1. Which of A:A349, A:A313, A:A79 ends up with the largest GNM mean-square fluctuation for chain A, with Cα atoms connected below 10 Å?
2. Once a ≥ b ≥ c are taken as the square roots of the eigenvalues of the Cα gyration tensor of the range A:205-309, is the result rounded (a/c under 1.5), prolate (a/b larger than b/c) or oblate (a/b not larger than b/c)?
3. Bin all alpha-carbon pair distances of the protein assembly as shown at 10 Å intervals from 0 and give each bin's fraction as a whole percent.
4. Assign one of three labels to the range A:55-372, namely rounded, prolate or oblate, based on the Cα gyration tensor with a ≥ b ≥ c the square roots of its eigenvalues; rounded applies when a/c is under 1.5, prolate when it is not and a/b is larger than b/c, and oblate otherwise.
5. Let me make sure I get this right: for the range B:47-167, a, b and c are the square roots of the gyration tensor eigenvalues over alpha carbons, sorted descending. Under 1.5 in a/c it's rounded, otherwise prolate if a/b > b/c, else oblate. Which is it?
6. Using a Förster distance of 45 angstrom, determine the FRET efficiency expected from the C-beta separation of C:D141 and A:K178, and round it to 0.05.
7. Rounded to the nearest 5, what % of DSSP beta bridges with both residues in the protein assembly as shown are antiparallel?
8. If R0 is 41 Å, what FRET efficiency do you get for C:E89 and C:N3 from their C-beta distance, rounded to 0.05?
Amino acid sequence: MAEEIIIKEADEQEISINMGPQHPSTHGVLRLVLSLKGEIVNKVEPHCGYIHRGIEKMTESMTYQQIIHLTDRLDYLSAHINNGAVCLAVEKALEVEVSERVKVIRTIMDELNRIASHQLWWCSFGMDLGGLTCFFYGLRDREKILDIFEETTGSRLIQSYYCPGGLMADLHPNFQTKVKEFIKYFRKILPEYDELLSGNIIMMERAIGMGLLTKEQAISYGVTGPSGRGSGFSCDVRKHHPYHAYDKVKFNEVLRTEGDTYARYMVRMDEMRESMNIIEQLIDNIPEGDYVAKMKPVIKLPEGEYYQRVEAARGEFGVYIISKGEKNPYRMKLRSPNFSNLSSLDLMARGNKIADLVAIGGSLDYVIPDIDR
Amino acid sequence: MGVKIKSMKYEDFEDNETLELFKQSGGNILFTTLDGIINWGRSNSIWPLTFATSCCGIEMMATGAARHDFARFGIEVYRASPRQADVIVVAGTIVPKMAPVLKRLYDQMPDPKYVIAMGACAVSGGPFVNSYHIVKGVDKIIPVDVYVPGCPPRPEALLYGVMQLQRKIKLESAFNKKKDK
Amino acid sequence: MTNQELKDNLQRIEPTATIEEGKQYLNVTVSPEKWHNLATQLKENKELAFDYLFNLTGVDYGDNLGVVYHLESTTHHHVVVVKVATNRENPEIPTICDIWRTAEFHEREAFDFFGIKFTNHPDLRRIFLDEDWKGFPLRKDYDPSVNPTY
């Protein structure tokens, strides 16, 4: 009788533990202060700012062509897509019409980037759960996309390939053949990924039913991208506010309603297939034309406010420019998808164990420099 | 056990103190051979700490992956705890909020420890050098052994940096210790 | 709903607000005291149903500070932009994080960068910079020398 009481008292203690900023599973420098009762998480408090570089203040003293190089380094895994947002905002403000060729090439590059980003997500998700094989498989296949990027743009991770008015350089002659080869290869490899991880009993035990987020909560917390679509929130900017050449291609918006880690996982796997469908529809008919429109060397946006939304690999990325007619923006705000996604981590992790918190964080797929800007 | 890395000339390695010590320590033949064996073992099994702040971290992961495998250079496994690591590869930007954390991690590592500054941000502040919240180069906080420039540096560049670190380790002597940093 | 219908609806709900057609979206300017009321109406009204706050920006207009909210409805697919301005000496705006939960983090960011206090916010403190950082960096009169540089 006396022993029972002692055990109960020990259990009641709530302790506060620090996870990060240097931690193998936080995917970067994020500090999470956990309030734990035993192994159950009561509260998660994220502390950001460990990679806050002051990008928004820097943009106020830079020209628009220089800002492209900074937006690359925000969410570096969707580098092309972030560049596209700034370029589109500037082109819309100046009412410059880019050629069809530029639109199609930008779409193909964006989708390749999305596949590369999801490959890296898959390999780090598997690694967080303990399956180290996923790390090597994912990165092996990602190297093929990086080869394609390197031939055309010159760089693997941070390309700065788009510029206001079009592209920095034309495509490499090998581009089409290499992309077609890659798609044929990757279609055979994706079932291997499914065999390794999606049907794995350990992964399913750890993912199904964990980290629930309902559709109303997703909308209220502003969770977009594959994380929001896993809860049924239809938020794909490519469908609702099309840009580049997305209004000319047919693709499905992948939606699931369960709202748990497994749903978010499957949304990303299906998105990789949809991206390949989009590329296949465009790769054979890249129209001829100029790769860059004629622009003045000094870009000055007319006075006013401009907002451009694009679908980055992690959610809705937005660029809000307030211009007073100068060559630098008066205020540039970068709406980052990971910042809003992170605010829902507390809600999803309550009541679960620490190991599940790692899986939930992996399924949200946050990139910390995008949160901190 | 001489220095046999082909890419950089011996004369170009400009760390005079180490070279002088090396010349001085050509004393007892038993100790020189022992030194050689110990240094060969140490330089071929450098285990880094898992530390990556931003974009360079992805290229570091790519260096460890299947194509540019750095396990063949001895970097077999990443250690999560600083107490078990030999080298810290600072990959990414360091900001004033992160600087005390980095210093604490460096202090927690046991001697002998090395630092590789990877990427333009760690070398000198990089593209963000005009920001209000940046440390202009990680050598303002901890002493750096090898600088690998690039934004981000290619995996081959990081491997070259690791090879230079191996060369530096081989010049050390277990019995005539260098001055503490 | 079209911009004209939105304008009529909003004018009826909040007569003191100034509504004008911007280059992209409808811009509504409202004073801080009326903002919380208008925000509740924007969310609860079935015809407006603005349930998705996708951007919250702090701005330094020069003579005063302000916040710009971008709202969208996921059912009707219309967008509206609301601007709330407040003075520089004692900037205060009522919080709306009880209506749209995403505002919790975004308002902390606006406080961190501009010093705008959001009344009734559950946890208003700096989010990116250290607690002892002096000044508000994104204001136009920020002096970088008050903080140590490295």
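1. With Cα springs under 10 Å in chain A, the top fluctuation among A:A349, A:A313, A:A79 is at A:A349.
2. On the way: a/c = 3.35, a/b = 1.63, b/c = 2.05.
It comes out oblate by the Cα gyration axes.
3. 3, 14, 24, 26, 19, 10, 4, 1, 0, 0
4. The shape class here is oblate.
5. Judged from the Cα gyration tensor, the range B:47-167 comes out oblate (a/c at least 1.5, b/c at or above a/b).
6. With R0 = 45 Å, the Cβ-Cβ based efficiency is 0.30.
7. Working: 50 of 69 bridges.
Approximately 70 percent, going by the DSSP bridge assignments.
8. Values: r = 36 Å, r/R0 = 0.87.
After rounding to 0.05, the efficiency reads 0.70.
We did not get these values from a lab; they are worked out from the coordinates using the rules stated. In this text, all values refer to a predicted model and were calculated from it rather than measured experimentally. Backbone-built Cβ (ideal geometry, glycine too); neighbour counts: all protein chains shown.
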